[in-house]
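**Q** Please see the structure below; I have some questions.
The values are calculated or read from the model by the stated rules, or taken from the named source; none is laboratory data. Note that this is a predicted model, so its numbers are computed, not measured. All Cβ positions, glycine included, derive from the backbone under ideal geometry; neighbour counts span all protein chains shown.
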Amino acid sequence: MRTDSQLIELVLDGDENAFEQIFDRHKRFVARTAARYFQRPEQIEEIIQIAFAKAFVELPKFRGEHELSLPSWLGRIAANACLDTLRSQKRKPEDLQCELTVGETDTILDLTASTAVNSEESLISRDLSQKLLAHLPEDDRALLQMLYVDEMSVAQIGDLLGWSVSKVKIRAWRARHSLRKVLKKYV
Amino acid sequence: MTMQKRKIDDQELDAIGKHLLAASRLTEAEIDRIASASGTFEGVLGRIRSAEPASDRLRGLRGFVLAHRMIAGTSLAAVLCISAFALFLQQDRTAHVSTDIHTPAAKPGEARPSTPQVDYVKGFTSGRADLRPDAPAESPTTQFAIQRENRRQQPRVEQASYSPNNENHFVAVTYTGDGGESARGGRVVRLDVPRSTLFAMGFDVSLENDSPTVKADLLIGPDGVTRAVRLVE
């Protein structure tokens, strides 16, 4: 089995199959990164395509010039692609935020309190959570997911997003503050 | 049905937030399914192929913009160089003229030597001339340059023939400082001087006449102050 470096060499020599191998090896990681920002499958798929296309174009610069490993580099490209897409979506907003009904709020609180959830409850919980978290900026939500759900360290997040540790801390504090505001408003 | 909000502290809010974040995310199986969707890699290749001509076009555009900037920069530099050279030439000529302006020195007690030409100025002016008494002897070329420079600086100056056979004499204007200074050089200019001004200077001119001005030659000292006046008409 070839290493990433060997595959990169082959890609730079014009081997398209080598690039497909890189794609197959790292597509889940890129998809996981995109899933922190987007929930819709077609959006995640688009980010995967954008990220790998950009990586292919920028691959000659990767060789010997980046200290990051290939997955970290791809993750950063994917995160930047997500942020770019979010920025363009802000210019032409399509997603409408829906207000939660009283019943939905109670359901959220009930599901939050219960530990054992079945698949149906899980789906309801996800739907309502997404509805509630839609009031939170996507980049804040992604940052909090990395911190709380993926339990990434501040340094790891900084590596992934290309931010300094202090910037990650500041943005995390702001994101937490925004989340509390949203929860205070709706829960 | 009214909504009753509970008082929740920050810790509890954070716990709820974590739960919501965890609940809202896609599962690993779903992410795998999205990543493994057919046609994704073909989509990547399609984007690469569509990006390459665009990058070529962008490279061409960059070259075009760069070439334009280079042309504009070169033109600007050329204009600046020409301007600087013209300014240098002008300053050099001014310095040359101001250094070389010279009129024959008049000896004390002698009549002032006549100059080949006299500047004829329409209207009275008390402006100081740019004269250097200690300048080196002039050449015909230098005199020509002086006259040309004077014409340039004083557009209203005309060349008029000077009549050395004029019977009138210069009358000293006594209030204009050291009379001996005029021995170091000076300049004669012909002006249309108002009759009232000449009358105030002590000349016996009729105030009632058709012409409100009288032609007069003014001997201007090296410091630009009028030393003497001679009536022409």
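**Q** Quick one: residue B:38 ticks every box in (1) of a type in the set (Gly, Ala, Ser); (2) at pLDDT 80 or above; (3) part of a helix (DSSP H, G or I) bar one, so which box is it?
**A** Only one criterion is unmet by residue B:38, namely (3).
**Q** Determine, yes or no, whether residue A:8 is in the same structural domain as residue A:77 (by TED's automatic domain parsing) and under 22 Å from the mean Cα position of the chain (by Cα).
**A** Criteria not met by residue A:8.
**Q** While we're here: Being in contact with a Leu (Cβ under 9 Å, 6 or more places away or on another chain) and modelled with pLDDT under 90 is the filter here; which residues of the stretch A:42-65 pass it?
**A** A:59, A:60, A:62, A:63, listed by residue number.
**Q** Between A:132, A:68, which is at pLDDT below 85, hydrophobic (A, V, I, L, M, F, W, C) and not assigned by TED's automatic domain parsing to the domain that holds residue A:16?
**A** A:132
**Q** Is there a residue being modelled with pLDDT under 75, not assigned by TED's automatic domain parsing to the domain that holds residue A:165 and not polar (S, T, N, Q) anywhere in the stretch A:111-118?
**A** Within the stretch A:111-118, none of the residues are modelled with pLDDT under 75, not assigned by TED's automatic domain parsing to the domain that holds residue A:165 and not polar (S, T, N, Q).
**Q** Would you confirm whether any residue within the stretch A:145-162 is over 23 Å from residue A:44 (Cβ atoms), in contact (Cβ under 8 Å) with a residue 60 or more places away in the chain and within 10 Å of chain B (Cβ to nearest Cβ)?
**A** Looking for residues that are over 23 Å from residue A:44 (Cβ atoms), in contact (Cβ under 8 Å) with a residue 60 or more places away in the chain and within 10 Å of chain B (Cβ to nearest Cβ), one finds none in the stretch A:145-162, hence no.
**Q** Could we say that residue B:66 is at pLDDT below 85 and over 25 Å from residue A:36 (Cβ atoms) here?
**A** Yes; evaluated as a whole, the condition is true for this residue.
**Q** Need the failing condition index for residue A:140 against (1) surrounded by fewer than 19 Cβ atoms within 10 Å (Cβ to Cβ); (2) more than 10 Å from every other protein chain (Cβ to nearest Cβ), just the number.
**A** Against the list (1) surrounded by fewer than 19 Cβ atoms within 10 Å (Cβ to Cβ); (2) more than 10 Å from every other protein chain (Cβ to nearest Cβ), residue A:140 comes up short only on (1).
**Q** Hey, can you tell me all the residues within the stretch B:15-35 that are in a loop (DSSP other than H, G, I, E, B) and facing chain A (nearest Cβ under 7 Å)?
**A** Selection gives B:25, B:26.
**Q** Would you point out the residue of the stretch A:11-33, among those that are farther than 17 Å from residue A:83 by Cα and among the charged types (D, E, K, R), that is farthest from the other protein chains (Cβ to nearest Cβ)?
**A** So, considering only residues that are farther than 17 Å from residue A:83 by Cα and among the charged types (D, E, K, R), the one farthest from the other protein chains (Cβ to nearest Cβ) is A:13.
**Q** Which condition does residue A:36 not pass, out of (1) at pLDDT 90 or above; (2) within 8 Å of chain B (Cβ to nearest Cβ); (3) under 30 Å from residue A:134 (Cβ atoms), if it passes all the others?
**A** Only one criterion is unmet by residue A:36, namely (1).
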